[in-house]
1. Could you check the stretch 1-48 and list, in sequence order, the residues that are of a type in the set (A, V, I, L, M, F, W, C) and assigned to a helix (DSSP H, G or I)?
2. Enumerate the pairs (first residue in the stretch 175-192 and of a type in the set (Asp, Glu); second residue anywhere and assigned to a loop (DSSP other than H, G, I, E, B)) with beta-carbon separation below 6 Å, excluding pairs fewer than 6 apart on the same chain, so at least 6 apart or on different chains.
3. Looking at (1) exposed (fewer than 15 other Cβ atoms within 10 Å of the Cβ); (2) in contact with an Asp or Glu (Cβ under 8 Å, 6 or more places away or on another chain); (3) farther than 21 Å from ALA142 by Cβ, which is the only condition GLY225 fails?
4. Could you list, in sequence order, all residues of the stretch 159-188 that are of a type in the set (Gly, Ala, Ser), at pLDDT below 95 and more than 24 Å from VAL311 (Cβ to Cβ)?
5. Given the criteria under 27 Å from PHE57 (Cα atoms) and touching a residue at least 40 places away in the same chain (Cβ under 8 Å), does ARG201 qualify?
6. Kindly state which strands (runs of 3 or more DSSP E) lie completely within the stretch 92-208 and contain at least 1 residues that are under 27 Å from VAL289 (Cα atoms).
Amino acid sequence: MTLALVCMSHSPLLEVTAPPEEIQDDVDAAFAVARKFVEDFDPDLVVSFAPDHYNGFFYELMPPFCIGYEALSVGDYGSEEGPLNVPTHIAKDLAQAVIDADLDAAISLKMEIDHGAVQPLEVLFGSIAAKPVVPIFVNSVAPPFASMRRVRQLGTAVGNYLKTLDQKVLIIGSGGLSHDPPVPQIATATTEQKAMLLNGRHPTAAARNARQQRVIDTAAAFAKGEANIMDLNPEWDREFLAIIASGDLEKLDTWTATEMAAAAGNSAHEVRNWVAAYNALAAAGDYRVTSEYYRPIPEFIAGFGVTTAMVK
């Protein structure tokens, strides 16, 4: 057993907007570092903690956590569409191990995932099916949310299982950091938005394009300082990154969903995937962060971070 980790922000705007060249070069360089890290590690298996943005999971049934026995990318924002290479036997054993650890994770025999889970696979491997992947959904957009303590426990349970495998396993955490994109909130949604939040699965091409265009337009306005969304919060982002790097992950147990949204935006909850991923790594022993990139990028509506880590 050998474990390594990559945690990274994602953005649906990566492939559909053109930020200033200096920003794009900066992000590409950070991705190159992570890609080389993964290439050198050469994992046999990938376990991915990722959110969804009302493309695969909806309020008709919104679990806090779900482990996919099979998975299919919906191909939003031009991301690669189609099936992932999920080793179902490992996914089943992992789910049982998590449940045996007293965490009530759901399972899916046909998980649908979006850019939040797909983008790291594209960045790191060039294809969503290049490596065997077990996808783990962590609800990060639809209140109510599991506590940060519970997310840590999920990560630990996953890590304890991964320690039993005679494989090199790359753990991915996708999402965050501070950002507040125009995703409807159930408490304030219009009738049309509520219908989508309840079950907006498999929209027409026109409906998907219209939804995506709203985000693209908001990003363009945000970069000009004209959008009606929360600012990014670099101070909050850097505090989170410092805690993650320190290994003192229990500090995050006191972070509440209400405080996180107020400080860093409604989609800052996606850092739950980093928390789960780092706790999975920590289950194998003390770790060290081997690279860290951070930059607030309005063009991507994101406090954008990329980190890599190994057990010491």
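The values are calculated or read from the model by the stated rules, or taken from the named source; none is laboratory data. Values in this document were obtained by computation on a predicted structure and should not be read as measured data. Note: ideal-geometry Cβ built from the backbone for every residue, glycine included; neighbour counts use all protein chains shown.
1. Result: ILE23, VAL27, ALA29, ALA30, PHE31, ALA32, VAL33, ALA34, PHE37, VAL38, PHE41.
2. From the stretch 175-192, the pairs are ASP180/ILE229; ASP180/MET230; ASP180/GLY265.
3. GLY225 satisfies every listed condition except (2).
4. ALA187, the sole residue that qualifies.
5. Considered against the rule, which asks whether it is under 27 Å from PHE57 (Cα atoms) and touching a residue at least 40 places away in the same chain (Cβ under 8 Å), ARG201 comes out as yes.
6. 133-138, 168-174
Let's see how each residue does on (1) within 19 Å of ILE90 (Cα to Cα); (2) buried (at least 24 other Cβ atoms within 10 Å of the Cβ):
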| position | (1), (2) |
| --- | --- |
| ALA117 | yes, yes |
| LEU124 | no, no |
| SER127 | no, no |
| SER140 | no, yes |
| PRO143 | no, no |
| ARG150 | no, no |
| GLY155 | yes, yes |
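Residue by residue, here is whether (1) in contact with a Phe, Trp or Tyr (Cβ under 9 Å, 6 or more places away or on another chain); (2) in a loop (DSSP other than H, G, I, E, B) holds:
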position: THR218; (1), (2): no, no
position: PHE222; (1), (2): no, no
position: GLU226; (1), (2): no, yes
position: PHE240; (1), (2): yes, no
position: ALA245; (1), (2): no, no
position: THR258; (1), (2): no, no
position: ALA261; (1), (2): no, no
